[in-house]
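These notes are about the structure you will find just below.
The values are calculated or read from the model by the stated rules, or taken from the named source; none is laboratory data. Remember, it's a predicted structure, so these values are computed and weren't measured experimentally. Note that we place each Cβ from the backbone using ideal geometry, even for glycine, and neighbour counts take in every protein chain shown.
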Amino acid sequence: MADHKNNQASANPCADPHQALLLWLDAFEAGERVLREAGMEYGSTETWWGSKKPRKQPHEGVDVVLADANQLRRRPLRPIESGTVVAVIDDFIGQTVVVQRSAHQFWMYGHIAPAANVVVGALLAQDSRVGGGEDAMIAPDRLGRVAESPTTCPSHLHVSLVESSLCMTPEKWAAISWATIHSVEHLRFVPITLGGGSQRSVPPPSTEAGGSQRTVPPPSTEAAPKGRRWLGAALACAMAILLAILQSLLWPRDALTDVLLHERPNVPP
């Protein structure tokens, strides 16, 4: 059964989890734009709410926030990709559902109120297809909803992508909490981003099981316009110099002097 579930979890149509997240965000903000602040991004060292206090740990993922917290809580949550639920962990707002997307990678959906049938071993479908028997997948809106925050931190969805260099079974996940996850040597948080809206750039995919990553800078949009402006200025300067040389060669000195004095030149026929 475990092998069967792992095969189901790894059969995602989008091989790149970063692109899957950005496509999910595009669909999620169809009704209302997702807010974007520095404190909501991966690796931020300060919170994005209140007085923006320092975080105890650099941010392990991204926070998905809408301007209307009530609308966010009412909106049903769909999984980013299909996968198997391997853990449900308590957090300071609600609970975190851990879903295995491939052999060594897991999505973590934090601060939510999971649906009743989102339990360890459940198969979550990324789309609306529902099977039968032991292959059954629950509908995409059955991941749950964003939990109402009992603290000064506004309600929001936290998303992390975790990578393991070892095989992680539900039994191993059962021993992990948010208080201990940073000390687990074979687990690491993979950098992800909220992007910039409809024209997001997709980060390069990470290599599973602790492989190296490279950062590709976005293409510059300023180099070409600046180059064209400099070229235009150089051409104008060259034309002015050429015109001055031609004038000095073709016009008599006295006539040129008259022109400079804005008088009508007395040029012989």
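Checking each residue in region 46-57 for being in a loop (DSSP other than H, G, I, E, B) and exposed (fewer than 12 other Cβ atoms within 10 Å of the Cβ) picks out GLY50, SER51, LYS53, LYS56, GLN57.
Take the conditions (1) modelled with pLDDT of 95 or more; (2) not in a helix (DSSP H, G or I); SER198 misses just one of them, which is (1). Entry remark, region 88-104: residues being crowded, with 23+ Cβ neighbours inside 10 Å and not in a loop (DSSP other than H, G, I, E, B) number 4 in total.
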